[in-house]
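Chemist: To start, I am sharing the structure in question, which I have written as structure tokens.
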Protein chains: 2
Amino acid sequence: MINSNFLSIDEEKKERILNAAMKEFAQKGFDNASTNEMVKEANISKGLLFHYFGSKKELFMFLFNYSVELFSNEFYGKIDMNERDIFELTKQSKIIKLGLINKYPGIFEFMQSAVTEASAKVKDEMDSMKNELVSAGFNKVFENIDTSKFRDSIDASKVLKVIEWTFEGMLEQELRKARFLNKKVEVEKLYDKADEYIEFFKICFYK
Amino acid sequence: MINSNFLSIDEEKKERILNAAMKEFAQKGFDNASTNEMVKEANISKGLLFHYFGSKKELFMFLFNYSVELFSNEFYGKIDMNERDIFELTKQSKIIKLGLINKYPGIFEFMQSAVTEASAKVKDEMDSMKNELVSAGFNKVFENIDTSKFRDSIDASKVLKVIEWTFEGMLEQELRKARFLNKKVEVEKLYDKADEYIEFFKICFYK
DNA sequence: ATGTGATTGACCACTCTGGTCAATATTTAT
DNA sequence: ATAAATATTGACCAGAGTGGTCAATCACAT
């Protein structure tokens with residue numbers, strides 16, 4: 001009887017709980033994350049958290065599963081697998097990322113801190129989760145990119161890296177700016193900015 | 001009589017203490033950082049840490065001062081202020097960054113977490129430190145870049161951003177790789193890789 | 001031997017921990 | 001209107017960990 005009906009509760013409350021827990025885990029790691037802080041931030045009672053999840057460890061593993069599932073559903077649901085244009089693909093993947101961050105502000109920080117989590121109390125479970133993940137085999141999407149439009153004199157693999165780093169850097173910049181102003185990044189704005197750089201790149205890289 | 005003669009102790013021991021403390025503060029923030037963890041990691045006794053720094057708060061402020069001073073000394077000491085070539089400048093600044101990370105693995109994480117530190121116990125001190133820093137006026141170095149070599153059809157400000165994001169992404173990639181293999185990034189390797197991308201960029205951006 | 005400064009770690013009063021569970025509030029069925 | 005069922009609370013617990021202290025020990029120069 002683990003987190004039985006948590007998934008069917010009020011959406012807003014659910015997000016409050018998930019976000020509070022992810023934020024706390026991401027900030028302090030498993031051992032130092034405080035369930036008291038989580039319930040304070042989520043505005044629920046201590047008892048309710050443990051009613052839903054049983055223990056801190058189960059909460060942590062649920063969160064990790066939930067995050068990974070959410071991410072892969074969003075990613076493979078929204079991305080167009082037949083798209084061979086590198087710009088469209090990169091743009092799509094960053095927009096998906098932004099959408100998730102807007103809904104769950106700490107989700108990527110949490111996932112990253114979870115895979116590098118060192119606490120002995122969750123090591124075994126995390127190791128087997130990670131094994132499952134690598135054998136699932138991510139990111140075949142970027143494998144059959146159309147490189148025929150690029151100028152012959154330039155190295156296509158470098159083009160791909162530069163595009164990836166540029167859009168990641170752009171997203172990070174916008175996230176920092178938004179965090180500073182205490183707002184969310186507007187997807188539209190990022191879209192326009194991305195398009196600007198795509199035009200720029202076409203001038204630089206295309207024949 | 002604050003941290004009296006700490007600066008003159010054995011260099012290796014000094015680094016052990018600084019690194020342990022920066023790591024702990026960066027990972028958990030001021031309130032949740034444990035001085036017990038620090039002395040365990042640095043392999044010194046509890047008493048010695050407090051003999052040098054008096055209190056957790058003084059240790060934190062000392063670390064921040066020390067980091068900022070170190071960074072600005074390295075930066076303005078090593079960077080060639082007359083260099084107007086964007087590639088040389090960016091390469092230099094990333095090499096300086098790598099050098100510091102190799103010596104103090106957690107220094108940038110610590111500085112970043114320190115400026116965003118929310119604990120009430122250090123808020124006042126950090127606020128005045130931050131004010132001092134902005135009035136010092138950083139980063140005039142990248143202001144008089146020579147853009148005359150760029151093709152006229154492309155936007156110079158975008159070129160600068162792409163270069164910055166590319167080199168930052170490259171450094172991050174190498175750091176992750178090194179962390180995974182439990183090694184340090186070799187400065188030489190990064191140098192070569194940076195040069196490869198500089199050649200690539202010259203083909204793309206130059207007339 | 002003696003003096004001196006560097007270094008130790010057991011100890012303190014106190015806060016916070018994950019988790020429990022009887023009590024209460026709220027919703028649903030009759 | 002009542003009863004039954006479910007959702008939610010928060011005071012409470014034993015134990016762990018906290019920043020900081022200080023008498024005692026160590027290493028070494030004279």
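Chemist: Can we say B:ILE44 is within 16 Å of DNA strand D (Cβ to nearest atom), open to solvent by less than 30 Å² (accessible area, probe 1.4 Å) and of a type outside the set (Lys, Arg)?
Modeler: In short, yes.
Chemist: Out of all the residues in the range A:188-201, is one or more hydroxyl-bearing (Ser, Thr, Tyr) and touching a strand residue (DSSP E or B) at 6+ places or on another chain (Cβ under 8 Å)?
Modeler: no
Chemist: Another question, if that's okay. Quick check on A:LYS130: is it assigned to a helix (DSSP H, G or I), basic (Lys, Arg) and more than 30 Å from A:ALA194 (Cβ to Cβ)?
Modeler: Here the answer is yes, as A:LYS130 does meet what is asked.
Chemist: In addition: Kindly indicate whether A:TYR66 is open to solvent by 30 Å² or more (accessible area, probe 1.4 Å), more than 16 Å from DNA strand C (Cβ to nearest atom) and modelled with pLDDT of 90 or more.
Modeler: For A:TYR66, the condition - open to solvent by 30 Å² or more (accessible area, probe 1.4 Å), more than 16 Å from DNA strand C (Cβ to nearest atom) and modelled with pLDDT of 90 or more - is met.
Chemist: Now a separate question. I'd like the full set of residues that are open to solvent by less than 80 Å² (accessible area, probe 1.4 Å) and over 30 Å from B:LYS177 (Cα atoms), limited to the range B:142-161.
Modeler: Within the range B:142-161, B:ILE145, B:ASP146, B:THR147, B:SER148, B:PHE150, B:ARG151, B:SER153, B:ILE154, B:ASP155, B:ALA156, B:SER157 meet the criteria.
Chemist: Another question, then. Considering every residue within the range A:110-119, establish whether at least one is closer than 30 Å to A:PHE205 by Cα, exposed (fewer than 14 other Cβ atoms within 10 Å of the Cβ) and under 19 Å from the mean Cα position of the chain (by Cα).
Modeler: no
Chemist: Give me the residue from the range A:9-32 that is farther than 13 Å from A:GLN112 by Cα and in contact (Cβ under 8 Å) with a residue 60 or more places away in the chain and, out of that set, nearest to DNA strand D (Cβ to nearest atom).
Modeler: Out of the qualifying residues, it is A:ASP31.
Chemist: Looking at the range A:3-19, can you tell me whether even one residue there is aliphatic (A, V, I, L, M) and crowded, with 19+ Cβ neighbours inside 10 Å?
Modeler: yes
Chemist: Examine the range A:126-140 for a residue that is under 20 Å from A:GLU83 (Cα atoms) and surrounded by 14 or more Cβ atoms within 10 Å (Cβ to Cβ), and state whether such a residue exists.
Modeler: no
Chemist: Take the residues of the range B:172-207 that are buried (at least 18 other Cβ atoms within 10 Å of the Cβ) and at the interface with another protein chain (Cβ under 10 Å from one of its Cβ atoms): which is nearest to B:GLN92 (Cα to Cα)?
Modeler: B:TYR197
Chemist: Out of all the residues in the range B:100-107, is one or more within 16 Å of DNA strand C (Cβ to nearest atom) and either closer than 30 Å to B:THR166 by Cβ or loosely packed, with under 15 Cβ neighbours inside 10 Å (or both)?
Modeler: Scanning the range B:100-107 turns up no residue that is within 16 Å of DNA strand C (Cβ to nearest atom) and either closer than 30 Å to B:THR166 by Cβ or loosely packed, with under 15 Cβ neighbours inside 10 Å (or both).
Chemist: Here's a follow-up. Among the numbered criteria (1) modelled with pLDDT under 90; (2) open to solvent by less than 40 Å² (accessible area, probe 1.4 Å), which single criterion is violated by B:ASN82?
Modeler: (2)
The values are calculated or read from the model by the stated rules, or taken from the named source; none is laboratory data. Given the structure is predicted, the values throughout are model-derived calculations rather than measurements. Reconstructed Cβ throughout: ideal geometry from the backbone, glycine too, with neighbour counts over all protein chains shown. To get the accessible areas, we keep the full protein, side chains included, count just its heavy atoms, and leave off ligands, DNA and RNA. Shrake-Rupley method; radii C 1.70, N 1.55, O 1.52, S 1.80 Å.
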